[in-house]
Structures are given as structure tokens and as C-alpha cells.
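The values are calculated or read from the model by the stated rules, or taken from the named source; none is laboratory data. Because the structure is predicted, anything quoted here is derived from the model rather than measured. With ideal geometry, Cβ positions are generated from the backbone for all residues, glycine too; neighbour counts draw on all protein chains shown. The protein model used for the area step is the full one, side chains on, heavy atoms only, and it has no ligands, DNA or RNA in it. Shrake-Rupley method; radii C 1.70, N 1.55, O 1.52, S 1.80 Å.
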Amino acid sequence: MQVKALIKQHVPIEIQEWWPVALGLFALLVPTFVGLANGIWRSEDQAHGPIVLAVVLFLTWQKRAVFYADSAQPSRTSQMFGWLSLLFGLLCYVVGRSQDILMLDIGSQIFILSGILLVTRGASTLRALWFPLFFILFMIPLPGFFIDAVTLPMKIAVSVVAEHILYWIDYPIARSGVVLQIGQYQLLVADACAGMHTLISLEALGLLYLHLVKHDSLFRNVTLALLIIPISFTANVTRVMILTLVTYYFGDAAGQGFVHGFAGLLLFMVALSLIMLVDIIVQHASKRFDMTHLHRDKSSLHR
């Protein structure tokens, strides 16, 4: 009894309310993340997983005030949908953990967390935290058959564009499938250079940028979201061209060594720069569009 009295006296009320939930989530989710850290997160294809998790935790921490806001009161409807979401998420978790199905194991977190928020704090809190919950999707590994079906056409497209650009500027380059021949060297365009996993990582980067800049213009947000895919493709082509030229001038060892790893970082730098450049262009286009409509409205009023 004395311990309970001390806890009530010295521990903030919001911690007293949330520690049982936090303890339950800790017991539920830690085994999943330990398995990911010792498994697929060590592979190059899923190396973005820890970064996505860090972003989710950071964005949730930014919104921490909603967990103990007095105005957040769950309605009966919110609680009903919350329990349904929580039960469905727990079912997915049990099946995913027992059968080693990572899509269900990781995907269950979205339903479990959404259900807890709806039951305890209501729909307003869920709306405030929708983006961190949505961002968990980028941790879910896609099925192998889907990755294989999409990756090969993407690699061929990147190889074709890189070959044509380098040939246009007079480099001795030829292509056979996804193999580029430049001078005496042959380069295989691997999955990591132009695959679906790279596109997913760049899509996550672009959507995170949109969320952080918080544009009010729907036109600007939708346009940027749609242009992230061609931006990702352009960044991939740039990476392949740089590795090809490094190999051509400095040899195969240079192309496969430190420069190859640095090209991955360069890929994201190019993609982020293109996103910001396109954002500026779309911003000016949006302002011109608004000004044109304003002038038209004024002209019609004068008539």
C-alpha cells in the first residue's frame, strides 16, 4: 500500500496511466524487433528498416502530448472499432509469429496500436498519429514473387536509360539485358542498384519530406507524391551512371569498393535534392495558377 501511495504521489499521472500499456507493448513487440535485427535488417534489401523504426518513434515522440490531453475522450463507437482493430491485430500477430510470416507479424502493429489509441484516447488521437502508424508500412517486407516480378523490368529500364545517356555523350558502352559493357569492363545492374527495395526507400523519404514540410496546398502535395516515382527512377539512373564511369576510369576494384557503398548514400542525396527542386517548381507553378485564377475572377467582376 505504501508503494502504491508513493507512486501516486511522485509519478506523473500520464505515466501511471500508460505504463501498463507500454509494458504490454514492450513484451509483445521486442521479440519481433530482436528477430528483425538478427535477420532481414542485416540484408542490404531491408537495411532501411531500423531507420523507418527510428522515424516512427521520433514522430510519435513529437506528438506525445496527445497521450494525456484532457480533451481526448473515446466515444463508444471509437471503443468498439478499437477493440475490433486490437483483436484483429493480435490475431495477425499470433499467426505471424507462430508461422514466421513477417508481413503479418509487422503489419499487426498498425492494427494493435490503432486499436489501443481508439480504446483509450479516441479518434482524435488516432488522427493526430496517423502518419507514424502509416509509416510502419515501409518496414513490411513485400512478397518475393512481387519483388521479382517488378524488379527485372525496373532494372532493364534503368540500364536502357543509363546506356543511352552515356552513349549520347560518346562513351564506348553497350548493353545486353541488365549487363552494361563499357570499355573492357562489364557491370551487372543489381537489384540493390535499381530494384523495388530502392524505390520503396526513396518513396518513404519523399513522403517523410512531404509530412515534415506540411504544405497546405492539396495540389502541391498530390503532385509531389506522384512525382516521387520518376524522381526515384532518375536517382537510380544517376547512381548506375556514376558507378559505370568510376569503373571505366579507375577500374573494377574502385567501382566495387568504397565508391559502390558511397553511391548508395549519393542515391538518397540526389533523390532528396530532386524532391526539393521539384517542390520549388511546383510551388511557383501553384502560385502562378492561383494568381491567374485571381486575375480572371477580378476581370469577371469588373465586367
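What does the C-alpha gyration tensor say about the overall shape of segment 19-157? Classify as rounded when a/c is under 1.5, otherwise prolate if a/b is larger than b/c, or oblate.
The shape class here is prolate.
Listed highest first by mean packing, meaning other Cβ atoms within 10 Å per residue, what order do 235-247, 47-59 come in?
Ranked by mean Cβ neighbours within 10 Å, highest first: 235-247, 47-59.
So for the pair Met276, Trp130, with labels modelled 7 Å out along Cα→Cβ, what separation do we get in nm?
Those two pseudo-labels are separated by 2.8 nm.
Might you work out the accessible area of Asp170 for me, using a 1.4 Å probe with all protein chains in place, and round it to the nearest 10 Å²?
130 Å²
Spin-label point model (7 Å from Cα, Cβ direction): what's the Leu28 to Gln181 distance in nm?
Each label point is offset 7 Å from its Cα along the Cβ direction, giving 5.7 nm.
Enter the accessible area of Asp105 (Å², nearest 10), with the probe set to 1.4 Å and all protein chains included.
Roll a 1.4 Å probe over it and Asp105 shows about 10 Å².
Per-residue HN-Hα couplings for segment 235-252, Karplus 6.51 cos²θ - 1.76 cosθ + 1.60 at θ = phi - 60°, whole Hz, x for Gly and Pro?
Each residue of segment 235-252 in turn: 5, 5, 4, 4, 4, 5, 5, 5, 5, 5, 5, 4, 5, 5, 8, 10, x, 5 Hz.
Just to verify a number: FRET efficiency for Lys287 and Ala157, C-beta to C-beta distance, R0 = 41 Å, to 0.05?
0.75
What FRET efficiency, computed as 1/(1 + (r/R0)^6) with R0 = 25 Å and r the Cβ-Cβ distance, is obtained for Phe88 and Phe146, rounded to the nearest 0.05?
Taking R0 as 25 Å, the efficiency between Phe88 and Phe146 is 0.60.
So if I place +1 on the C-beta of Lys and Arg and -1 on the C-beta of Asp and Glu, and nothing else carries charge, what would the dipole magnitude of segment 17-142 be about its Cα centre? I want it in debye, nearest 20.
My answer is approximately 320 debye.
Could you please put Phe145, Phe135 in sequence from largest to smallest accessible area, using a 1.4 Å probe?
Phe145, Phe135
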